[in-house]
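The values are calculated or read from the model by the stated rules, or taken from the named source; none is laboratory data. Please read all numbers here as calculations on a predicted model, not as lab measurements. Counting neighbours? That spans all protein chains shown, and the Cβs are built from the backbone with ideal geometry, glycine included.
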Amino acid sequence: MSTADTRTPAPKPNLWTRVQVGSIEQLHIRLESLIVLFVLAAMMAVLSPFFLSVSNFMNILLATSTIGVLAIAATFVLSSGGLDLSLGSVMGLSGVVGAAVAVKMGMPTPVAVLACIGAGAAAGYVNGLIITRAFVPAFIVTLGMLGIARGLALVISDGRVIYGLPQAMVYLGQGRPFGIPMPVIIFIAAAVVMHIILAYTRYGRHTLAIGDNENAARTAGINVERHRLSLYTLSGGLAGLAGLLFATRINSGDPTAGITYELTAITAAIIGGTNLFGGRGSILGTLIGALIMGVLQNGLNLLAVQSYYQQMAIGAVLILAVFIDQWQLRKESRV
């Protein structure tokens, strides 16, 4: 028997190895996204003399904080191979619930804050429950929740904006400790915590493993249904947090808040390197993606581009981001 015949075949990388390698491969995607951010910012600075002002930077950060929290939620769900199209509507519902509890019911600020985040988590839990127990596709469930949450927000508010939040609650959206807007501080804190969870904990590894290969994840002992349920609950809770930041920033609960925000959030996550079909995700990349979307929208506003053209631009960016992502995957598979 020859030496070649006695060689032991090299073991195939297991599920956890693929997940770890995928996280390492995110580095070049984040660097590419960072280059896009700098190029886009440079273009906007040339096109508008107001872009580089300090006040405009604060506007970008404030706008990014809300979209960024939603994008973090989208990152977790997309990384697991799921989809949540209800993020914007759940955000609007949560803001209305928090405002109604504070203004109409006269409850203390901590109760209103918990109600706001809890309303989002409850909507996410319902999404996850139907997806995992009734086996209805996530696209259909979250699309239905998009309409349900928006309608419920209009019912609770009687179709009107709820004004007059308590000052302690408004501080969460308008306060500036050390000169830094509170929504930005909350967003950064959420991004740090969620990055640690996704990149360094078993929960994050399970999330990526389910998105990479659901059958292999089951074989590895992961309770896929229970994990998906927790992911959609987490996504709803983060949408509730985004609703809180938005409502306190404008000092009102607006039932129309968050319209099309789910599109922007998903685009930011994909630009940051999250795979639309699961198995790969990066909170740091999503942070960069959210800043790209914030700079794009801010620059278009400064250039007086009308809102419907802005929606066209966001849609085009989403298609381009998915195309580039799939092109890179095909290129890697041929290597």
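Worth pointing out:
- Members of segment 74-113 that are surrounded by fewer than 24 Cβ atoms within 10 Å (Cβ to Cβ), in a helix (DSSP H, G or I) and in contact (Cβ under 8 Å) with a residue 40 or more places away in the chain: ALA100, VAL103, LYS104, THR109, VAL113
- Taking segment 287-313 as the range and being farther than 20 Å from LEU34 by Cβ and either of a type outside the set (A, V, I, L, M, F, W, C) or under 16 Å from the mean Cα position of the chain (by Cα) (or both) as the test, the residues that pass are ASN301, GLN306, SER307, TYR308, TYR309, GLN310, GLN311.
- Look at (1) closer than 25 Å to VAL322 by Cα; (2) of a type in the set (D, E, K, R); (3) surrounded by fewer than 17 Cβ atoms within 10 Å (Cβ to Cβ) and you find that ARG133 fails only one, number (1).
- Among the residues of segment 178-187, those that are surrounded by 13 or more Cβ atoms within 10 Å (Cβ to Cβ) and in a helix (DSSP H, G or I) comprise MET182, PRO183, VAL184, ILE185, ILE186, PHE187.
- Scan segment 206-232 for residues that are over 15 Å from VAL77 (Cβ atoms) and touching a Gly at 6+ places or on another chain (Cβ under 6 Å) and the total you get is 0.
- So ALA122, is it touching a helix residue (DSSP H, G or I) at 6+ places or on another chain (Cβ under 9 Å), surrounded by fewer than 24 Cβ atoms within 10 Å (Cβ to Cβ) and either assigned to a helix (DSSP H, G or I) or free of Cβ contacts under 8 Å to residues at least 60 places away in the same chain (or both): yes
- Filter pass, ALA290 being modelled with pLDDT of 90 or more, of a type in the set (Gly, Ala, Ser) and farther than 25 Å from PRO137 by Cα: yes
- Qualifying residue in segment 155-163 (condition: part of a helix (DSSP H, G or I) and more than 16 Å from the chain's Cα centre (by Cα)): yes
Okay, residues lined up against (1) of a type in the set (A, V, I, L, M, F, W, C); (2) surrounded by 24 or more Cβ atoms within 10 Å (Cβ to Cβ); (3) out of contact with any Phe, Trp or Tyr (no Cβ under 7 Å at 6 or more places or on another chain):
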residue	(1), (2), (3)
LEU287	yes, yes, yes
LEU302	yes, no, no
ALA316	yes, no, yes
ILE324	yes, no, yes
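- Filtering ALA209, ALA190 for residues that are among the small types (Gly, Ala, Ser), surrounded by 15 or more Cβ atoms within 10 Å (Cβ to Cβ) and farther than 19 Å from GLY272 by Cβ leaves a single hit, ALA209.
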